[in-house]
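Heads up: the structure comes next, in structure tokens.
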Amino acid sequence: MTTPPPQLDRNRVFRDRSAPMIRTLLLVALFCFSCLAFAVVAKKAHKAITGARPKTVAHSKGRSVARGQRSNAPDISPERGTAAAEAAQATLAETPSAPFLYPHALDPFFRAVAAQQTQASGPNALNTIPALASTVRVLQFGDSHTAADIFTGEMRAQLQGRFGNGGLGFQFPGHPFAGYRLAGSSRSQSSGWFTEGNKFTHLGDGDLGLGGISITANRPGESVTLSTTCSTMQVQYLRQAEGGHLRFTDNGTFISDIDTSVSQSADAAVGQAGGTSAGTMTYACTPGVHAFELTTLDRAPVRLLGLVTEQPGITYECLGINGAVAPLMLRWNQEIFADYLRERDPNLIVLAYGTNEAASGAGMNEEYVEQFNRLLENLHRIVPKAAVLVLGPYDRATRVGRGRRALWQTFRGTDRIIADQKEACRIHHCAFYDERQRMGGPGAMIRWVSAGLAQPDRTHLTGTGYRALAEAFYRDVLGAYKAYQKTAGDAGTVSRVYSFPADNHIDNSKKEIHHG
């Protein structure tokens, strides 16, 4: 009997053949894991030796790194910082031969200042120029450089030290955004108000008044307070259908109730149509310090658009919004904006934009040029007697490269914006002031960081930097005014003295109240 052949064990054969392959894969995996572990250990060791780069840039007022250094942490020797500060101060101390481009565009402003001057009995060291008999108004619109009210606050102090304290002028009511403050005042608001306009990608209905920001309450008992020195107080509010009522007090004394509704007013048709308009209440008070309060009285919408406090002298008014661009002003309700701008009757409008526009791509440039030119045209149309001055953007630096090889270099987009603004000023008869050049030209921002005059983001200045640049700007304005006086002398123009309208006049214990 023949013995059958043994059966083939296929599983055993497969295991025998696959064993070398499995061993090879295991060795490859072990090698890769070892390489990865070595890389992690090496990276940690490198960071321990050199120090890791922070992931975010802190907006600090201290000194930061200069060009060529590869960390955002302040690491500047005292000698280097001192040398940079001295160089920046020397640049600012210089007197430019021609600080303004198209300087004759400022003549209407200088003419108004000259027309309002009165002869003082004897000028002193701080008041070599006679004070003003009435109010000359300067309004600066701008972005975060303006909103901080450090640059504008210094300009206000310098001008008012020469020409008289005209007050704060226009200001946003309450605290519409974090950090909002104006030197020479204190303010508060209750928790029931909400802000529109500061998030400028969502402007709501666009009824945002003169400054582009409003606060609204919809229930009784919500209040806004303001304490400052003035002889005139104006409340700017939105007149709207079924608007609520406000109670206005001064130093705790009842002055007037304000009806913000249009449904029962002379222009009831506006309310019936669901439209809105600019409302004002103007109050003439005894010169001195006042504590004003506005309180809502009913469950109805009340929208505050601005407060204005002034007195004889000069104002330098802060209308800045963080992150804003110049074309934003065209997105506000233009009828309401124009009404308030005419009522402010400014002698000089300053536009301080460009930092954020420079960050936009070159592909957006044609649209920006069209909108900026349209803005200048609108301002001249609304207030044709006002001078317009464009402040070019500051110098700016941007990070180039990655990792430890990254460097800070001058931001290229600024060149394009400055050129566009200069050309628009030429077309529309506006003056232009090159702030970047006044800082020291391209690359100045990097040097200013070393000097402690600019922040680590290489975009914003420190408080010291803003004040130093404002002082230089003030000297240039004053120098241009003196040059105007030499060439034009006393222009002899009729002064535009602030006066109250005759309608809606109420005599309240020697106080004047006007509702418009």
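Scanning the range 166-181 for residues that are touching a residue at least 40 places away in the same chain (Cβ under 8 Å) and surrounded by fewer than 21 Cβ atoms within 10 Å (Cβ to Cβ) yields one hit, Phe177. Of the residues making up the range 468-482, those that are among the hydrophobic types (A, V, I, L, M, F, W, C), under 22 Å from the mean Cα position of the chain (by Cα) and closer than 19 Å to Thr315 by Cβ number 3.
Residue by residue, here is whether (1) in the same structural domain as Leu379 (by the TED database); (2) within 23 Å of Thr282 (Cβ to Cβ); (3) at pLDDT below 95 holds:
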| residue | (1), (2), (3) |
| --- | --- |
| Gln140 | yes, yes, no |
| Thr146 | yes, no, no |
| Thr152 | yes, no, no |
| Gly174 | no, yes, no |
| Ala178 | no, no, yes |
| Ser186 | no, yes, no |
| Ser191 | no, no, no |
| Thr201 | no, no, yes |
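The residue that is surrounded by the most Cβ atoms within 10 Å (Cβ to Cβ), among those in the range 401-415 that are among the hydrophobic types (A, V, I, L, M, F, W, C) and either touching a Leu at 6+ places or on another chain (Cβ under 7 Å) or not in a loop (DSSP other than H, G, I, E, B) (or both), is Trp408. Being aromatic (Phe, Trp, Tyr), outside any loop (DSSP other than H, G, I, E, B), within 30 Å of Ala157 (Cβ to Cβ) and touching a Gly at 6+ places or on another chain (Cβ under 8 Å) holds for only one residue in Phe200, Phe170, and it is Phe170.
For Thr249, the conditions (1) over 28 Å from the mean Cα position of the chain (by Cα); (2) on the phi > 0 side of the Ramachandran plot all hold with the exception of (2). Taking the criterion of being of a type in the set (Ser, Thr, Tyr) and either under 11 Å from Thr295 (Cα atoms) or surrounded by 16 or more Cβ atoms within 10 Å (Cβ to Cβ) (or both), the residues of the range 230-260 that qualify are Ser231, Thr232, Tyr237, Thr249, Ser256, Thr260.
Scanning the range 67-98 for residues that are modelled with pLDDT of 80 or more and buried (at least 19 other Cβ atoms within 10 Å of the Cβ), we see that the one that is nearest to Ile418 (Cα to Cα) is Ala88. Within the range 428-446, one or more residues are surrounded by fewer than 22 Cβ atoms within 10 Å (Cβ to Cβ), farther than 15 Å from Gly392 by Cα and out of contact with any strand residue (DSSP E or B) (no Cβ under 7 Å at 6 or more places or on another chain).
Scanning the range 381-399 for residues that are free of Cβ contacts under 8 Å to residues at least 24 places away in the same chain and part of a loop (DSSP other than H, G, I, E, B) gives a single hit, Pro384.
Every listed requirement among (1) closer than 27 Å to Gly465 by Cβ; (2) surrounded by fewer than 24 Cβ atoms within 10 Å (Cβ to Cβ); (3) of a type outside the set (Val, Ile, Thr) is met by Ser188 save one, (1).
The values are calculated or read from the model by the stated rules, or taken from the named source; none is laboratory data. Keep in mind that what you see is a predicted model, and the values were worked out from it rather than measured. Heads up, the Cβs are rebuilt from the backbone with ideal geometry, glycines too, and the neighbour counts pull from every protein chain shown.
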